[in-house]
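Note sheet for the following structure.
Since every read-out is calculated from the coordinates, none of them should be taken as a lab result. Remember, it's a predicted structure, so these values are computed and weren't measured experimentally. Every residue, glycine as well, gets a Cβ built from its backbone with ideal geometry; the counts of neighbours run over all protein chains shown.
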Amino acid sequence: MTLFRIGSSALALGLVVVLGLSLACKRREGAEGVGPGQGARLQTGVVLGQVQLKNEEDHSGILVFSAGTSYSGHTDENGEFVIGNIPQGEYRFYAQKPGYVQTTLGSIKIPPDKAQGVRIARIRLAPVVLEKLPPEPAEPTLGSIIGVVELEGENRFGGVVVEVIDTPFKTVTDDVGVYRILNLRAGDYRLLMQKERYDPGQLAVTVSAGEPSYVENIKLSRTIRRPADRKIYGNVEMYDAKGNITNQFGLVVISLEGTSYMATPDAQGKFVMTDIQPGKYAINAMAPGFGNRDKIDVDLVELEYTNVTVVLDESPTAVGERGEIQGKARLAGDIADHGGISIALAGTSHVAITAASGDFVLSDVPEGNYTLLAQTVGFMTEMVEGVYVVAGEETMIPEIVLEEVVIPPRVVYTEPADGDSGVTVRREMPIFVRFSNKMQPATVKQAFQISPSLDYRAYVGREHRQSDFDLLYVVLQGVSESQPAKFETRYTVTISTRARDFEEVHLEEPYTFSFTTGRAEIVSTIPREGETDVFLSLSDPLVVYFNAKIRHETINSSTISISPDPLAQFNLQTVDNPRTGWTEARIFTSWRFDTRYTVTFKRGIQASDGSSVANTPYRLRFKTTKMYEYQPSRSESR
């Protein structure tokens, strides 16, 4: 232990006479009692709040998530949730549980950490109560939407949020980009497709009762910054089959072919496209049951803006003799009843449902070349291309077999995220791995590996309050006699294919992510950053905790400053924790009451290996308690 003494302690004042002994005896947590990142500069935020179920006592298992991102968490039995390690940016959070109406918790903004030493405070969202969904009608007359979203430059298309605008209906695409939105009332809708780092897309669709609506494929482009110096002003004209003007502008989506530029007209049919990169484009307009009268080309290479008129004509119903399609579709496996399989011609309203034998007939089909789709819930969609229909003839389709869908579990997100750097070394370093399915705990533990090796404890299912059947919680031992955590080291975590869910389905392929630890840091303080009503005295010092052994001689009056000056010069004591070997610095002095202090730990403080402490200069701000005079009771004053 090194004792560094500055000045004289003769100025130790008796001012503390007036302060209650309860404050002097106030217990404050040590380094282990300070939560992750407290007292140190953070690059991420923490969102917390409460979501409860109406008229229920147990509020656990509610999913809270930020749309279009992987940041999510589940509530405990009281409805409390915490989502950590969220980088700077703007987010909108939702609460969702089967059988209840999905509800928004509001939007937040996590600002960038521009000033060194300033941590981002926790953000608490307003409490929300979820209402139960109304019961479905006994004989539903509802429809559904089925479609595919692709992502530019990707082979897997999962995680795209598909939302029916102005409704609570929302879903997410699977790995092949397929999405299904069920139980929609008949009517016209507009779909919004969104995913982080991709430009959003929109589609108009008409839903019919009792039959699925197949939406055309859409491909989302990667977000690219474009010069904001080109505009297109336009208006839309719509005519029905008889040539009369019809103003169904709410169904129209205008786009530039081959790009992600989109616009929708207002109630008068007017629209504007802005922030367009210079170039030549073709304008396309879409609306259910309508087609473009003429192709419109625009040249924005030299022009800064242009005006266009888009004309849409109602598509006439084909007339004349039709053909017929016959076939049989069945479900793979030992299944006797093959009824209820949906058979549809892509891009048309022709739909049939198989009988128990699997037989189906599509009648009154105009002559042409079609793609046939066979699908039902729980089985893979089968596609038959090149189905040519001849007027007045029957077209026979070879037997179609639908294989049962087996969706393997996958890793949804990790914390730390893949590629994170500067991860703080602590006595206990948490890792979270979220899976898409509920997993068998023993298999997940067997599948977990970390390199270089570290001692750790792993929890899955109900083994820990931080774990669940779809959430692996690992506590890395930052302090260990055999394998302690190292500074500035890249650690790689692998979840092997030994991990499997309760359907005995394994991960398709090993999942790997890496993170890099930071340098020696100040990890926590007593008092904490921003704390008020703080009591410190000559016997109750300010304490600073490091996550490494520090050269004691580098902690001195040159590397520590206090503003404003306390009532006496400070005494400094540095000790190494016997369990961890990490250094603690204690500052003893007489502090002014009701005063805001800033204690700065400057550059120059070094770890035992000679490296500098990473988060210096480090500023700790707090406010001391007020002075309260002793007031004798009536009995004492008599």
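Counting only lysines at least 8 places from LYS270 when in the same chain, those with an alpha carbon closer than 17 Å to its own are LYS231. For the chain, what is the relative contact order in percent, using Cα pairs closer than 8 Å and at least 6 residues apart in sequence? Dividing the mean separation by the residue count of the chain yields 11 percent. From the alpha carbon centroid of segment 232-297 to that of segment 51-66 is 43 Å.
Below 8 Å between Cα atoms, with a sequence gap of 6+, how large is the relative contact order for segment 476-592 in percent?
Contact order relative to length: 21 percent.
Using a Förster radius of 45 Å, what is the FRET efficiency between LEU303 and ALA241 based on their Cβ-Cβ separation? Nearest 0.05, please. With R0 = 45 Å, the Cβ-Cβ based efficiency is 0.80. Roughly what percent of Cα-Cα pairs across segment 231-314 reach past 19 Å? Of all Cα-Cα distances in segment 231-314, 32 percent exceed 19 Å.
Taking packing as the residue-averaged number of other Cβ atoms within 10 angstrom, the listed peptides 590-599, 558-567 run from highest to lowest as 590-599, 558-567. Computed over every Cα-Cα pair of segment 323-402 and binned at 5 Å starting from 0, the pair-distance distribution P(r) comes out as 3, 16, 30, 26, 14, 7, 3, 0 percent.
A crude spin-label estimate for the pair THR497 and GLU131, with each label 7 Å from Cα along the Cβ direction, gives 4.8 nm.
For the residue pairs LYS219/LYS445; LYS109/LYS626; LYS109/LYS280; LYS195/LYS328; LYS219/LYS280, the alpha carbons lie more than 30 Å apart in LYS219/LYS445; LYS109/LYS626; LYS109/LYS280; LYS195/LYS328.
The calculated P(r) of the chain, using every Cα pair and 10 Å bins from 0, goes 3, 12, 18, 19, 17, 13, 9, 6, 3, 1, 0, 0 in percent. Take every DSSP beta bridge whose two residues both sit in segment 277-427; close to 80 percent of them are antiparallel. Taking only the Cα atoms of segment 143-220, the radius of gyration and Dmax are 11.8, 36 Å.
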